[in-house]
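Below is one structure, written out as structure tokens; the observations come after it.
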Amino acid sequence: MISIRKVSKSFGTVRAVQDVSLEIGAGEFFSLLGASGSGKTTLLRMIAGFEAVSDGTILIDGQEMQDAPPHLRPINMVFQNYAIFPHLNVHDNIAYGLARQKLPRAELTRRVEAMLEMIALPGYGARRASQLSGGQMQRVALARALIMQPKVLLLDEPLGALDKQLREQMQLELRGLQQRLGITFILVTHDQEEALTLSDRVAVMANGAVIQVDTPSGLYDRPHSRQVASFVGTMNFFDARMRNHGDDLIADVDGLGAQPLNGQAMGRSDGQKVLVAIRPEAIVVSSVPPPAGQPSVEGTVRARQYLGGRQILHVGLTGRTEPVAVATFARRGVDAWDQSEGRPVWLTWGDDALTLLTPD
């Protein structure tokens, strides 16, 4: 549905988007994820036609968009600030674009009522914008965009102004809505959880470039670089050096010792510096030493973050300045054991827990 071919955008001497190429399928929920200044919003605005492309080509459904103004592109857009017209009621806000097409009144009303049902606001047509909550205004903004039946819906951080609980609820509703409609959604967000929750695929952007495109599980489990691994979720990083071990290569990891890499050593060489990464939830913490032969290391609890049903322990290891973050369920009752600061603990992990990266 969307072909972005070697697209760049410059503002004077500043290169905001650099040589981006992406293919986004029909009916796909695709997210552009990145920190502020990564180029994601500029790329979205070029797809919408609000910014001119400096170099490259954008096609929508096989048609070049170089000379097409925003209102002639088969897209619609939802903004973070809703852009609800305060002088119009809900019905007229949703009908705003259709009204310009001079549809018969009965057909216009039928389509607005169908949209109100779709966004779970039946009977709200006569309400004023001032009578709506933030979540309801966002639903109205979605309905106003979708009633025009675009081939592509662009979403510029549409949930950013909502509180955490409402944002999580709207994420589920937004994903369900996209699946029912089957049209292409492109979301811009800096919220990694939002991108992982909503998307079929995610493009991680930094410094105007796309640094990895993958499924949510692919990004989380198989990041290509430290930049992606640290931006998507929480990650522990260890300096390491490759070493010959019989017919294989292993990694001597600071703080963890010698570690096998389960096929990840392809293309590496003896003596090469590498980076080993491990997710906090891939580490098991125990108050007693593990059975002999299991990969493990002894450490000391330096700090504890209690998060209700779970907690993060920060464990210091001999020979390592930075503590290791370990995610665990908060233990209660008979299963509880002392995890206070200064407590000795043992960390263990599975054979597939380590990810091998090339240092940036």
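The table below lists the values:
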| item | result |
| --- | --- |
| Looking only at the stretch 13-40, and only at residues there that are modelled with pLDDT under 95 and of a type in the set (Val, Ile, Thr), the one that is surrounded by the fewest Cβ atoms within 10 Å (Cβ to Cβ) | Thr13 |
| Close pairs from the stretch 264-279: first under 18 Å from Asp352 (Cα atoms) and modelled with pLDDT under 85, partner among the hydroxyl-bearing types (Ser, Thr, Tyr) and not in a loop (DSSP other than H, G, I, E, B), Cβ under 8 Å, at least 6 apart | Gln264/Thr355 |
| Single residue of the stretch 101-128 satisfying the filter (in contact with a strand residue (DSSP E or B) (Cβ under 8 Å, 6 or more places away or on another chain) and not in a strand (DSSP E or B)) that is farthest from Met170 (Cα to Cα) | Ala126 |
| The stretch 198-235 - residue that is among the hydroxyl-bearing types (Ser, Thr, Tyr) and out of contact with any Leu (no Cβ under 8 Å at 6 or more places or on another chain) and, of those, nearest to Pro150 (Cα to Cα) | Thr215 |
| Residues of the stretch 108-141 satisfying the condition of being over 12 Å from Ala95 (Cα atoms) and among the aliphatic types (A, V, I, L, M) | Met118, Ile119, Ala120, Leu121, Ala126, Ala129, Leu132, Met137 |
| Filtered residues of the stretch 226-249 (kept if on the phi > 0 side of the Ramachandran plot and touching a residue at least 40 places away in the same chain (Cβ under 8 Å)) | Gly233 |
| So Glu194, is it assigned to a helix (DSSP H, G or I), among the charged types (D, E, K, R) and in contact with a strand residue (DSSP E or B) (Cβ under 9 Å, 6 or more places away or on another chain) | yes |
| Any hit, the stretch 203-221, residues being buried (at least 20 other Cβ atoms within 10 Å of the Cβ) and aromatic (Phe, Trp, Tyr) | no |
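The values are calculated or read from the model by the stated rules, or taken from the named source; none is laboratory data. Fair warning: this is a prediction, and the values are worked out from it, not measured in the lab. So basically every Cβ, Gly included, is an ideal-geometry build from the backbone, and we count neighbours across all protein chains shown.
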